[in-house]
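**Q** The structure is given below, and queries will be raised subsequently.
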Amino acid sequence: MTHYDDLETRSADAREAALARALPRQIAHAKAQAPHYARLLADVDPAAVPLAALPVTRKSALIAQQAEDPPFGGVVATPFAALARVFVSPGPLAEPEAATADYWRYGRALHATGLRAGALLHNCFSYHFTPAGSMLEGGARALGCPVFPAGIGNTEMQVRAAAQLRPRCYSGTPDFLKTILEKADELGLNLSSLRLGHVTGGAYLPSLRGWYADRGLTVLQSYGTADLGLVAYESEAREGMILDEGVILEIVRPGTGDPLPDGEVGEVVVTTLNPHHPLIRFATGDLSAIMPGPSPCGRTNRRIRGWMGRADQAAKVRGMFVRPEQVAEVLRAVTAVAKARLVVSLDGDRDVMLLRAEAATADEALLAQLGVALQSATKLRGLVELVPPGTLPNDGKIIDDTRPAPA
């Protein structure tokens with residue numbers, strides 16, 4: 001079967017209609033079952049509110065909530081006793097796993113990689129504290145595939161186990177598969193059974209992709225988080241990452257919840273349709289952009305360009321932190337400017353801030369207005385420069401700290 005299910009090839013109109021029905025149900029469910037959302041959305045009518053009008057939940061805020069209201073900060077809608085596993089990722093941040101098949105929805109991504117029933121998955125993700133190992137194992141089991149829970153490290157043991165068990169597919173970080181294959185070459189062991197790889201959790205560089213291709217391997221990647229599960233995945237077309245059918249993804253201006261047009265780089269904000277952990281407008285802190293059109297592989301969901309950096313671009317200037325939210329505050333105060341970037345540099349040993357703002361014409365009054373708004377938002381004085389529309393790069397960067405890194 002070319003595609004995992006019929007959801008992958010439905011029309012854009014059918015998908016939009018289905019999500020339009022599912023979203024109000026999810027908001028109502030979260031309000032009714034998760035104490036945090038009962039408070040946060042107390043005045044929200046699930047049937048009437050647009051998604052972009054709902055507040056964004058940030059990981060930093062969720063960490064603080066969990067510290068005050070353990071273990072999950074009131075965002076889980078399933079009784080604790082009904083959960084199958086509980087994980088703790090760096091933060092610390094607790095994540096639930098309910099006792100449902102393919103809870104993290106990775107079966108879809110592994111299917112797109114080429115894994116099929118009966119093939120063994122050699123799973124080199126961690127099986128302790130964080131859910132990565134469980135994520136990929138659940139996906140493989142949904143496809144009818146046995147799993148060798150190899151975990152991380154122990155390169156020689158990994159190679160000897162793979163030579164004996166003859167797995168079809170590897171899952172793990174992008175670079176560890178290369179380490180395993182090189183060790184097998186060194187030891188003279190046959191790993192020719194490994195023809196597929198599914199990688200995530202690190203940078204999948206073009207040079208590494210080429211190295212695998214030269215050995216005849218199909219190694220594709222996905223994008224997911226321990227909070228959300230699968231968000232997007234690569235297919236054999238290798239043109240961007242296709243959104244999972246169980247999420248609603250927005251690209252917003254960093255530091256805000258304001259959606260950006262398709263093609264603009266901004267922060268990835270995800271609403272999951274998971275009934276057990278109903279995260280609504282969860283800000284990942286990652287940058288990406290929506291790509292035009294569907295994938296050539298026939299899957300019709302929208303695509304993102306993959307991971308393009310981090311959105312949390314705070315910089316310490318003259319002893320005070322400056323954040324993207326403050327630049328967004330400047331733009332809200334000065335509506336004649338739609339896009340700006342704060343450049344932080346050094347003049348001798350003094351920090352300097354320059355706000356570069358796109359404007360159709362040079363206007364002294366606008367310069368002055370921006371200067372006042374910048375000082376009001378940051379409590380720091382800064383310079384302002386007006387530049388023509390389209391001058392600033394489309395890379396999602398709101399604060400550009402050009403100062404040399406400390407020695």
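The values are calculated or read from the model by the stated rules, or taken from the named source; none is laboratory data. Keep in mind it's a predicted model, so treat the numbers as computed, not measured. Cβ coordinates were reconstructed from backbone atoms using ideal geometry, including for glycine residues, and neighbour counts include every protein chain displayed.
**Q** Only one of E264, E250, E245 is within 26 Å of P393 (Cα to Cα), of a type outside the set (A, V, I, L, M, F, W, C), modelled with pLDDT of 95 or more and surrounded by 19 or more Cβ atoms within 10 Å (Cβ to Cβ). Can you tell me which?
**A** From the options E264, E250, E245, the qualifying one is E250.
**Q** Now a separate question. Take the residues in the stretch 81-133 that are aliphatic (A, V, I, L, M), under 24 Å from A61 (Cβ atoms) and in contact with a helix residue (DSSP H, G or I) (Cβ under 9 Å, 6 or more places away or on another chain), then tell me which one is modelled with the lowest pLDDT.
**A** L93
**Q** Would you check if Q164 is surrounded by fewer than 16 Cβ atoms within 10 Å (Cβ to Cβ), free of Cβ contacts under 8 Å to residues at least 40 places away in the same chain and polar (S, T, N, Q)?
**A** Criteria met by Q164.
**Q** Mind checking which residues of the stretch 347-369 are closer than 27 Å to P404 by Cα and within 34 Å of the chain's Cα centre (by Cα)?
**A** Those that are closer than 27 Å to P404 by Cα and within 34 Å of the chain's Cα centre (by Cα): D351, V352, M353, L354, L355, R356, A357, E358.
**Q** Next question, about the same structure. Please verify whether R403 is in contact with a Gly (Cβ under 9 Å, 6 or more places away or on another chain), in contact (Cβ under 8 Å) with a residue 12 or more places away in the chain and among the charged types (D, E, K, R), treating the condition exactly as stated.
**A** Considered against the rule, which asks whether it is in contact with a Gly (Cβ under 9 Å, 6 or more places away or on another chain), in contact (Cβ under 8 Å) with a residue 12 or more places away in the chain and among the charged types (D, E, K, R), R403 comes out as no.
**Q** If you don't mind, there's one more thing I want to ask. Being surrounded by fewer than 21 Cβ atoms within 10 Å (Cβ to Cβ), under 28 Å from P90 (Cβ atoms) and under 20 Å from the mean Cα position of the chain (by Cα) is the requirement here; does L205 meet it?
**A** When the stated conditions are applied, L205 passes them.
**Q** Continuing with this model, one more query. Which residue out of E186, E236 is over 24 Å from the mean Cα position of the chain (by Cα), modelled with pLDDT of 95 or more and of a type in the set (D, E)?
**A** Exactly one residue qualifies, and that residue is E186.
**Q** Which residue is farthest from K178 (Cα to Cα), if the candidates are limited to the stretch 132-161 and must be hydrophobic (A, V, I, L, M, F, W, C) and touching a residue at least 40 places away in the same chain (Cβ under 8 Å)?
**A** A142
**Q** Counting just the residues of the stretch 305-318 that are part of a strand (DSSP E or B) and either more than 30 Å from L220 (Cα to Cα) or among the hydroxyl-bearing types (S, T, Y) (or both), which one comes out farthest from the chain's Cα centre (by Cα)?
**A** My answer is V317.
**Q** For the stretch 302-309, indicate whether the set of residues that are out of contact with any Leu (no Cβ under 8 Å at 6 or more places or on another chain) and either basic (K, R) or surrounded by fewer than 22 Cβ atoms within 10 Å (Cβ to Cβ) (or both) is non-empty.
**A** The answer is yes, given that some residue of the stretch 302-309 is out of contact with any Leu (no Cβ under 8 Å at 6 or more places or on another chain) and either basic (K, R) or surrounded by fewer than 22 Cβ atoms within 10 Å (Cβ to Cβ) (or both).
**Q** Determine if the stretch 64-75 includes at least one residue that is touching a residue at least 40 places away in the same chain (Cβ under 8 Å), assigned to a helix (DSSP H, G or I), touching a strand residue (DSSP E or B) at 6+ places or on another chain (Cβ under 8 Å) and surrounded by 13 or more Cβ atoms within 10 Å (Cβ to Cβ).
**A** No, every residue in the stretch 64-75 fails to be touching a residue at least 40 places away in the same chain (Cβ under 8 Å), assigned to a helix (DSSP H, G or I), touching a strand residue (DSSP E or B) at 6+ places or on another chain (Cβ under 8 Å) and surrounded by 13 or more Cβ atoms within 10 Å (Cβ to Cβ).
**Q** Okay, next question. Mind checking whether some residue in the stretch 39-46 is among the β-branched types (V, I, T) and in contact with a Lys or Arg (Cβ under 7 Å, 6 or more places away or on another chain)?
**A** The answer is no; no qualifying residue exists.
**Q** Do we have any residue at all in the stretch 107-120 that's under 30 Å from L217 (Cα atoms), in contact with a Phe, Trp or Tyr (Cβ under 7 Å, 6 or more places away or on another chain) and in a loop (DSSP other than H, G, I, E, B)?
**A** yes
**Q** Taking strands (runs of 3 or more DSSP E) that fall entirely within the stretch 169-278, which contain at least 1 residues that are in contact (Cβ under 8 Å) with a residue 60 or more places away in the chain and of a type in the set (F, W, Y)?
**A** 218-225, 229-233
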